[in-house]
Structures are given as structure tokens and as C-alpha cells.
Amino acid sequence: MHSLSEGRQLTFAELLDQVKAVRRALADVGIGRGSCVASLVGNRPLFFPIVVACLDLGAALLPIGEATDTEATAMLEEAGAAAVITDRQLPIASIRNVPLPDGVRALRLADRPLPPAYGESVVLKLTSGSTDLPRAALANEQHLINDGRHIIDAMGIGSTDVNLTYLPLSHSYAIGNVVMPLLLQGTAVALRQSFSPSQFVHDVDASGATVFPGVPFMFAHIRELSQIDRLPPRLRLLVTAGARIDPATVIWFRDRLNRKVHSFYGSSETGGIAYDDSDDVADPLHVGRAMPETRVEIRGETGAGRIFVAGNAVVSGYAPAGRGDPASPFRDGGFLTGDIGYLDGENRVVLTGRGSPLVNIAGRKVDPAEVERVLAGLPGVVDARVLGVSCARRGQELVAFVVRSHSALTPIAIRQRCAGTLSPYKIPRRIIFIDQLPIDARGKIDRRALEALAADPHDA
């Protein structure tokens, strides 16, 4: 394990010692089978021992990634977490704490009158844009193992590979592509807290990385660094997921750096869905064929439709609701995604859009309704709507249309107030003030009019 941010390496023996320390700390504060434990440690090596210790204890693990203190506290409350492992000072009462390595503590929270029943040895994978538990996918240990096996098999990741990652380890993409290969076969990891394109080649050289799972905006930023004209020979596999990548970026990597950026498609609910293992750059850009032991269907009358996925990595449902909900997307032994696409003549998945309102910000999904609720609660905001618009560097960006009660309210003031509640990537990049929200002939908010406003550079 290479901890690039901390400038140190950990052996598997040291990681095992940390597993024992975490397990002992959780047991000392009364965590047992079925208890919910939240992890809020960021991209640190300790995350891996936390996963193993919770699975070993039979606890339900809720990994929390980028979140403000307000967001994290709300998630702990909603989840009914009995403990949280963190290095942060959260505004939540604890009844006991046990120190862990590197300034991290295991905090025992107050017991709930009706503790949640998630089952044993499960990971609650927060779905895209979620800030509350009803959108947490319940993945048991076998789901995680199956997803890891599929990824290892499809991508040819071996025990001697080194995974370089800047992905939030709490994200489903990182759990399947980084955490599980290490746990299943000892694939080493080179870890850094955040992505810096200028450090990328240095990180590859320093760690001996052979595999790089990233998201489109990372590859776009690497492309913008004109001084990069080579990649270390050991770096043999580049993978992108989380959003559709610009074909021009894929072509640049092939022509300039002699590397294919392979598209991978998955979700929190299903694990990996499809992967492009080919060396060619196709037009239109596809995300490859179905993963091993996975079936992909198109649900629609003709041509493109919603992507349906079935297989042994599809989770059992959401917490606390499961498959019994007739409105649930878990149906027919699988999961009906919110993505729109089709299968081409070679049975490869081509994505064309989404049937849900989520916005993809550099690989992170955001629910505009969540941002709208925060904006509407700010002093001086009369009404607000949030849209996702195309952005060359980040895939999409958030644009907020705000009706204000006085002209003294500025975009800077709005962003500063949002920062106490929303993670940075959820804060709108652009704020456009309007006298009133446009209404269409049906009496609904006119999205086309808002999109036209967003496209007008004079309103940026």
C-alpha cells in the first residue's frame, strides 16, 4: 500500500495489524453483528482495514465520502449509525471513543430506540446524489465478492498489479475496482487524497502503477498538460467510468500517449455492468459488453430504452425498502437503471442519456432538488431552480437560477452560505439572477427557457 499523500508505504502485515485494531476498538465500544458503523476517513489506508473489520464483525458499513459536517451528521442520523470512525470533530454526541492509528477515533453514538436492521456483513453503498439512507444500496459480502471477481476477470487485473487511485474510496466505483482486488488477491494500491494532473506522471513513477481507474475529468485535465508526451511503460491499463468521456480525449490518449482509455459502466446497485476491453476507438463511443455473469437488456418499445441489469452482483435492494416495493427499480430479478441506451450490432452497450434528473459533476452524481432545497432556505432567496449543463472539463456543471428579494444578495454570498451545508462539488458554479422563473403553457417551470438562459454567455 502506497500512501502518496502521506509519503509512506504499508505492508500487508501492517494493514492486518490495523484490521485487528479497528475490530478491537469496535468491539470495545459494543459494536456487534448487525450494528451500523459509518466510515468517514477519506482516502487513507485505514479505509481498507475498516472494511475488513466490519465484514468480520458482521456489521453494516456505511462509507461516507466527500461531505460537509452537516451532511455527514445528517447521514449518521438517518442511518441510525451506532458508531463512526473518523478524524473529524463532528457536531454529534458520542458516549465513548477509542483512539485508532493516525489520529482517527472510533466514536460510539447513542443507542437508537429502534436500531436499523440491515443484516450482517453488508456495505451500504450510497447511490449517486444521495444524502439520506433510503438511497443506500444494500450490498452483502457475496455481492461485493462477485463484483470484484467480475472486474478482475474483465479487466485482467492481477495480484502483481498496482492500482493508482484518486477516486473516493467510499464510492462504489472504487470499492469494486480498487478495494475488492486488494482484498481478494492482494492487488496493491497507490493512494492519494485528491487528484492533481501535474502530479500524475510522478505518482505513476513513484508507485510503479500499472492500472489507473479514473473519471473523464481526470483524463481531460491530463490531456490539457501539454508537457505530457509519454506515460511510464508499466502503466498498461487506463479505465474511465462515472460519465461518458469525450471521444476527442480518447483519441488524444491513443494518438499522443499510445494508450486506449477503456470505458467502464456500472452503478451502486449493480456493480459493474459493461466494459470495453477492445483496443479500437469506435464511433459512437460505447462502454463495451456485459460483465461476466451479468445480463443487460434494453427495456423500451423500439431502439433505445432504459438499461436493465441482472446478475449475481446486483444488490438486494435499498435500505430500508427492498424488492417488495412495487415502485422499486429492483424487479424481474434485476435492476432497472435510470440510464438510456441501446445495444449495437456487436452487443455492446451505447449510452445516450439518462431518464433521471441527476447531474454528473466530474463523475459525481448530484440531485438538483437537494441543491434547490438548500438555496430556497437561504435568506434573501425567493425561489430557485438548478440545472445541469454541459461542461467540457467536468462533463456537466450546475447552474442555479435564483429569484432574490434584494439586489445585495451576490453569487459569492450564496456560495459561501452553501458551503456550510453542501459539499464543494454540489455548489453551483454559475448563479443567474432572474426576476421570476419562466412558466410554460402547462403552468410548469419552462426548462427550455432556463437552458437558453444558461447558454447565453452574457448571463454567465
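The values are calculated or read from the model by the stated rules, or taken from the named source; none is laboratory data. Note that this is a predicted model, so its numbers are computed, not measured. Heads up, the Cβs are rebuilt from the backbone with ideal geometry, glycines too, and the neighbour counts pull from every protein chain shown. All accessible areas refer to the heavy atoms of the entire protein, side chains included, with ligands and DNA or RNA removed. Shrake-Rupley method; radii C 1.70, N 1.55, O 1.52, S 1.80 Å.
By the combined test of axial Cα extent (at least 20 Å) and Kyte-Doolittle hydropathy (mean at least -1.0), the qualifying DSSP H helices of the chain come to 12-28, 141-155. The charge dipole of the chain, taken about its Cα centre with unit charges on the Cβ atoms of Lys, Arg (+1), Asp and Glu (-1) only, comes to about 520 debye. Here the relative contact order of the chain, from alpha carbon pairs under 8 Å that lie six or more residues apart, stands at 12 percent. For the chain, carbon and sulfur atoms together expose 50% of the accessible surface, with a 1.4 angstrom probe and every protein chain in place.
Work through the residues other than Val402 whose Cβ is under 9 Å from its Cβ and net out their charges, Lys, Arg +1 and Asp, Glu -1. The answer is +1.
Each Lys and Arg Cβ is given +1 and each Asp and Glu Cβ -1; about its Cα centre, segment 172-250 then shows a dipole of about 140 debye. Short-range pairs are left out: with C-alpha atoms under 8 Å and at least six residues apart, the relative contact order of segment 31-161 is 26 percent. Accessible surface area normalised per residue over the chain is 42 Å², counting heavy atoms of protein chains with a 1.4 Å rolling probe. Here's the list of lysines a cross-link from Lys125 could span, going by alpha-carbon distance under 21 Å and ignoring same-chain residues fewer than 8 apart: Lys365, Lys426.
Sorted on the mean count of surrounding Cβ atoms within 10 Å across their residues, most packed first, peptides 278-287, 67-76, 260-269 read 260-269, 67-76, 278-287. Maximal additional length on extending the Ile412-Thr68 stretch stands at 122.0 nm, based on 0.36 nm per residue less the C-alpha distance. In segment 22-68, inverting the average of 1/r over every pair of distinct C-alpha atoms gives 10.8 Å as the Kirkwood radius.
Taking 7 Å steps out from each Cα toward its Cβ at Asp229 and Asn97 produces label points 5.3 nm apart.
Modelled label positions at Asp111 and Glu297, each set 7 Å beyond Cα in the direction of Cβ, lie 4.7 nm from each other. Partner aspartates and glutamates whose Cα lies under 15 Å from the Cα of Lys260, excluding those fewer than 8 positions away in the same chain, are identified as Asp229, Asp246, Asp276, Asp277, Asp279, Asp280, Asp283. What residues of segment 395-439 lie in the reach of a label at Ala449, counting those whose backbone N is under 13 Å from a point 7 Å from the Cα along Cα→Cβ? Within reach of a label on Ala449: 434-439. With the convex hull of the Cα atoms taken as the outline of segment 104-211, the averaged projected area works out to 9.0 nm². Segment 271-306 and segment 1-60 have Cα centres spaced 35 Å apart. Our analysis of segment 1-123 gives Rg over Rh at 0.95, with the two radii drawn from alpha carbon positions and Rh computed by the Kirkwood formula. If a spin label sat at a point 7 angstrom from the Cα of Arg331 along the line to its beta carbon, the backbone N atoms of segment 268-298 nearer than 15 Å would be those of 297-298. For segment 326-381, the Cβ-based charge dipole about the Cα centre amounts to some 140 debye (Lys, Arg positive; Asp, Glu negative; other atoms uncharged).
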